[in-house]
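Q: Take a look at this one; I'll ask things after.
The values are calculated or read from the model by the stated rules, or taken from the named source; none is laboratory data. Treat the numbers as computed from the prediction; the structure is a model and nothing was measured. Every residue, glycine as well, gets a Cβ built from its backbone with ideal geometry; the counts of neighbours run over all protein chains shown.
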């Protein structure tokens, strides 16, 4: 049984992330991590006629870059596991159509990147596939239009609000040795801390992040020192402070080991309010910046905890609170 | 390698559907299969204040009925794999919250039932879990409001349009012997036949159903005689005729073996236009009616091909066509 404890898989085989691809938009290309991505668009439309098609372009291009870097042909992909933030998962669906891969669509809001990765790792470890491609994406304009207000209205944001990252990211999973080995993964529970403010997702997601981290350590009988880095997806400035405090109360002193992708992706002068969010946030920071840190020997192992607010405008109108989920994958650097 | 051919898994272990639960709304309760479901609501609101909450109630109750029939406690469930038709998968998300299960959210529109089931089977076969609960749901009122027009407007439907099934369904997957064994599964590709009419999903989905069926037989080197029944999810009256013709052109003479859940669920006098659709359609017909047929020895083995139109109102407004997907699971009766 690969299930260890309640929610964690310890993979039997050596599963690797063979290669990754990251493509971002203009704001991300001006941030502190600007040199960490494979490609950057200077325009939010990414040479497309709409924001939704721009997002599609970002995911498609991230896949193309990933396969190019891995020197793997499309035909060598057994399954494609992907999801995004747009209704009906349209970005992933249409990219799957264009690429022609057998497809499993997943949805975990901004936790999607790690949900796709842990299903991908499972497919390889269980001998259901030889090579699995995983991908996700988000787009500032497309997300604002769907979840909030059309940007043209110029509605003001609260300081606790996040800025949806414009980007696409892909990761190729297989048994081909690479510098990035997947050791374990913890699938999260849906946790609801009672938040009902759609302009403060960090507070809504923090309890889910903490629950998954706590469970991961408990299942594997490890403590926080097991990882150089413990990274949450997009709690942002508000949520990450709450998460750190909650982890302390659970007896986990993460201290300097703790990072949040939403905090890392923008400069504070970039007017991104509480920081980055969206499916692409955790994805481009992890597969771009953090993987580079591993390659350069600065990080030996890390736990990536992608956080998703399962927020629905319809449910908010019906006075429901915002449940959240977090999926974690443990990745270690392999020296060659 | 459990992957056989291009897209099909032949499971190594004997994987069973231990039990199922089906709960439906009033129209389904008046149809030809009315005695095949575990519970029926006489009112579309299902004793809830909104259609979205009614759908949640249906999924939750299907799970409760399933666990009750299986005599399995909630705590014995390792993972919950579910999805639905509402934006952000809200039904599944909120049910996962209430049930407290570790959760993998999936989205395949009306193909979700078999996507969840094949991932569930994989989790068991690969030793990632001991018991997996899978579920899906749809609701006529909630789907109309989201995808079409508020029903209160009384907008007329085309004869090619489908009627979203109101229902919830759950299936419990494990190695516990039961009358229903899962042998194989084929994950589909996203196929686009160029349809752009949101009032005719059957035509949009037929090519995806045919592609998955063809691939399933090709991967396993079988022909249509391998199954007593080959069942599509919700192609309806229009789509199922197209699919049958297309299968014939592929050399597959399915004849009387072929059924469609969308055609089966309503009487023609019920004004359901082309027939039933929605995530619950294939789910309640399969887990209710078809499983009863297996228990009674009338069906020895069947291939369930859940079909999903990956339809997005936003994409239609941007002049995009409607891509579709179909996931197939082969189930055989085990005599005790």
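Q: Condition test on residue B:58, is it within 13 Å of another protein chain (Cβ to nearest Cβ) and either buried (at least 23 other Cβ atoms within 10 Å of the Cβ) or at pLDDT 95 or above (or both)?
A: No, not satisfied.
Q: Let me ask you something else. Quick test of your reading of the structure: residue A:257 fulfils all but one of (1) without any contact (Cβ under 8 Å) to a residue 60 or more places away in the chain; (2) in contact with a strand residue (DSSP E or B) (Cβ under 7 Å, 6 or more places away or on another chain); (3) crowded, with 18+ Cβ neighbours inside 10 Å. Name the failing condition by number.
A: (3)
Q: Quickly run through the range A:112-139 and pick out the residues that are within 9 Å of chain B (Cβ to nearest Cβ) and either at negative phi or crowded, with 24+ Cβ neighbours inside 10 Å (or both).
A: Result: A:112, A:115, A:118, A:119, A:122, A:123, A:125, A:126, A:128, A:129, A:130.
Q: Among (1) surrounded by fewer than 20 Cβ atoms within 10 Å (Cβ to Cβ); (2) more than 14 Å from chain B (Cβ to nearest Cβ); (3) assigned to a helix (DSSP H, G or I), which single condition is residue A:219 missing?
A: Answer for residue A:219: the failing condition is (2).
Q: Could you please find all residues in the range B:292-310 being farther than 23 Å from residue B:216 by Cα and either crowded, with 24+ Cβ neighbours inside 10 Å or touching a helix residue (DSSP H, G or I) at 6+ places or on another chain (Cβ under 6 Å) (or both)?
A: B:292
Q: Do you know which residues across the range B:4-34 are within 14 Å of chain A (Cβ to nearest Cβ) and surrounded by fewer than 20 Cβ atoms within 10 Å (Cβ to Cβ)?
A: Those that are within 14 Å of chain A (Cβ to nearest Cβ) and surrounded by fewer than 20 Cβ atoms within 10 Å (Cβ to Cβ): B:4, B:5, B:6, B:10, B:12, B:13.
Q: Here's another thing I want to ask about it. For the range B:174-195: of the residues being within 16 Å of the chain's Cα centre (by Cα) and over 22 Å from residue B:296 (Cβ atoms), which is nearest to the other protein chains (Cβ to nearest Cβ)?
A: Filtering first and then ranking leaves B:187.
Q: Also, I was wondering about something else. Only one of (1) over 23 Å from residue A:138 (Cβ atoms); (2) out of contact with any helix residue (DSSP H, G or I) (no Cβ under 9 Å at 6 or more places or on another chain) fails for residue A:269. Which number is that?
A: Every condition holds for residue A:269 apart from (1).
Q: Since residue B:75 meets every condition but one in (1) facing another protein chain (nearest Cβ under 9 Å); (2) free of Cβ contacts under 8 Å to residues at least 24 places away in the same chain; (3) not in a loop (DSSP other than H, G, I, E, B), which condition does it not meet?
A: (1)
Q: What helices (runs of 4 or more DSSP H) completely inside the range B:270-336 contain at least 1 residues that are within 14 Å of another protein chain (Cβ to nearest Cβ)?
A: Of the helices (runs of 4 or more DSSP H) lying wholly inside the range B:270-336, those with at least 1 residues that are within 14 Å of another protein chain (Cβ to nearest Cβ) span B:279-284, B:313-317.
Q: Criterion first (over 25 Å from residue B:331 (Cα atoms) and at pLDDT 95 or above) does residue B:23 satisfy it?
A: no
Q: Another question, then. Could you tell me how many of the residues in the range A:101-111 are more than 7 Å from chain B (Cβ to nearest Cβ) and in contact with a helix residue (DSSP H, G or I) (Cβ under 6 Å, 6 or more places away or on another chain)?
A: 1
Q: Find the residue count for the range A:140-165, including only residues that are buried (at least 22 other Cβ atoms within 10 Å of the Cβ) and part of a helix (DSSP H, G or I).
A: 3
Q: Here's another thing I want to ask about it. Out of all the residues in the range A:82-99, is one or more surrounded by 24 or more Cβ atoms within 10 Å (Cβ to Cβ), within 14 Å of another protein chain (Cβ to nearest Cβ), without any contact (Cβ under 8 Å) to a residue 40 or more places away in the chain and touching a strand residue (DSSP E or B) at 6+ places or on another chain (Cβ under 6 Å)?
A: Yes - at least one qualifying residue is present in the range A:82-99.
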